[in-house]
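Remarks on the structure that follows.
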Amino acid sequence: MKKRSIQMDDIMKMKGEEEVNQDVTITRMTIPAFQGKSDPKVYLEWERKVEYVFDCHNYSEEKKVKLVVIKFIEYASIWWNQFVINRRRNGERLIRTWEDMKSIMRRRFVSNQYHRDLRRKLQCLTQGSMSMQNYYEEMKIVMTRANAKENREVKLTLIHPIDHVISSVSGVKEFNILLLNVQIKEQ
């Protein structure tokens, strides 16, 4: 068996192919525990970390759900247990995919108010004393958290807080420079 693997290695080298070690298990990658606190930022950060772990492993959807469930502690564990009991009682199928689980968890742990607050923050975000770079980065963070798409409406939202700057400018050149700056940063 050893001789055969050496031959395969030699064939790969002759073809110019390099063997790449794609085993990332060297780094200990574990799914973080989730308490189920009523803080949407905490949930979304936890979900992001779980996604990173899943990106490095080739787990089946059912295994992803099971791996996540065993990391539930405190309220999250109690909530999930009750959720499963209710689904069984109502004759509904159990959650079998990570995408379905995320959807259900987002409904429970990320309120509509959180999304409204983020949109409001995005609309009211002003550059103030921030540099253009810091302002742009803050806007991108809020947009990401709000799952906002970079469309005309969002760009107008970005421009809205600096309307007062435009009104005090004698010409439109400064405004065009600002728009150009934003467009360059978007690339």
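The values are calculated or read from the model by the stated rules, or taken from the named source; none is laboratory data. Every value quoted in this text rests on a predicted model; they were computed, and no experiment measured them. Cβ: placed from backbone, ideal geometry, glycine included. Neighbour counts: every protein chain shown.
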Does the stretch 30-76 hold any residues that are of a type in the set (Gly, Ala, Ser) and not in a loop (DSSP other than H, G, I, E, B), and which are they?
76
How do the pairs read when you match residues in the stretch 25-46 that are farther than 18 Å from residue 64 by Cβ with residues anywhere that are at pLDDT below 90 and in a helix (DSSP H, G or I), using Cβ under 6 Å and keeping only pairs 6 or more apart or on different chains?
40/114
Pairs please, first residue from the stretch 96-111 and surrounded by 15 or more Cβ atoms within 10 Å (Cβ to Cβ), second anywhere and of a type in the set (Lys, Arg), Cβ atoms under 6 Å, 6+ apart in sequence or on different chains.
98/64
